[in-house]
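Bear in mind that the values in this text are calculations on the coordinates, not laboratory data. On a predicted model such as this, the values are computed, not experimentally measured, just so you know. Reconstructed Cβ throughout: ideal geometry from the backbone, glycine too, with neighbour counts over all protein chains shown.
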Amino acid sequence: MSTMSTEDRARQRRMSILANAGTKELLDRWLSLGIDPAAELLRGPETGLIALRGRIGGGGAPFNFGEATVTRATVRMENGAIGHAIMLGRDAGKVKLAAVIDALATDDIMAGEIEDKILTPLAAAAADRDREQDAKTQATRVNFFTMVRGDD
């Protein structure tokens, strides 16, 4: 049973969509809102490394797999709302914008606009990319169980 609240799940979904979007794609969707709110940077954007951990076979002892570059930012809006974002890579502008969107989404009215004008179109574009990639993968798939040997 999950202890995650509905609000936490919504935020997790929102941040996943924003992180997986391209910078230009995210900026284009942001501009569709037609707003330019003032945001104070509380932290960052700062870039650093995080350790990646893995397990052999999914259940073995954990081991250090490697490192990944991440960038994070925290902002405070004029109304006092605070937003956070952390994403793979070094794109400070994208992370700052995601933090602003996270802060704005704490307001119910803005959350609806963000869902309609940013998140839904970005999620649909990601689903389209996934379908396209699946189609390419299926086109090169080989089913070894249907191959027949020539020396029966």
Practice prompt. Determine ³J(HN,Hα), in whole Hz, for all residues of the stretch 75-85 in sequence, where each value follows from phi through the Karplus function 6.51 cos²θ - 1.76 cosθ + 1.60 and θ = phi - 60°; x replaces Gly and Pro.
Written response: 10, 10, 8, 4, 7, x, 5, 10, x, 10, 8
Worksheet item: Mind checking the angle between helix 120-139 and the chain's longest principal axis? C-alpha axes, 0 to 90 degrees, to the nearest 10.
Response: 10
Worksheet, complete the sentence: Looking only at aspartates and glutamates whose Cα falls under 14 Å of K94's and that sit 8 or more positions away or on another chain, we get E25, D28, E46, D102
Worksheet, complete the sentence: Rounded to the nearest 10, the angle in degrees between the Cα long axis of helix 6-20 and the longest principal axis of the Cα atoms of the chain comes to 70
Worksheet item: Just from its helices, what would the mean residue ellipticity at 222 nm be for the chain, if runs of 4 or more DSSP H residues each count -39500 (n - 2.57) and the sum is divided by every residue, rounded to the nearest 500 deg cm²/dmol?
Response: -13500 deg cm²/dmol
Discussion item. Take the chain, mark every one of the trypsin sites (Lys or Arg not before Pro) that falls in a DSSP loop and has at most 13 other Cβ within 10 Å, then report the longest stretch left between them, sites excluded.
Written reply: 1-89
Worksheet entry | Cα centroid separation - the stretch 25-46 against the stretch 60-78, whole Å | 21
Worksheet item: Of I114, A92, A81, whose Cα points farthest to the positive end of the dipole of the chain (charges on the beta-carbon: +1 Lys, Arg; -1 Asp, Glu; origin at the Cα centre)?
Response: A92
Worksheet item: Given Cα pairs under 8 Å that are at least 6 residues apart, what percent is the relative contact order of the chain?
Response: 22
Item to complete: Please find, in a Gaussian network model of the chain (springs between Cα atoms separated by less than 10 Å), the residue of G57, G80, G44 whose mean-square fluctuation is greatest.
Response: G57
Response to the item:
Of all GluC sites (Glu not before Pro) in the stretch 1-100, the ones in DSSP coil with at most 15 other Cβ atoms within 10 Å are E78
Worksheet, complete the sentence: Rounded to the nearest 10 degrees, the helix 92-104 long axis (Cα) sits at an angle to the longest Cα principal axis of the chain of 70
Practice prompt. Name the long-range amide H neighbours of L42: under 5 Å, sequence gap of 5 or more, or other chain; modelled H, no Pro or chain starts.
Written response: T74, V75, R76
Worksheet item: What's the local net charge at T69, with K and R +1, D and E -1, over the other residues with C-beta under 13 Å away?
Response: -1
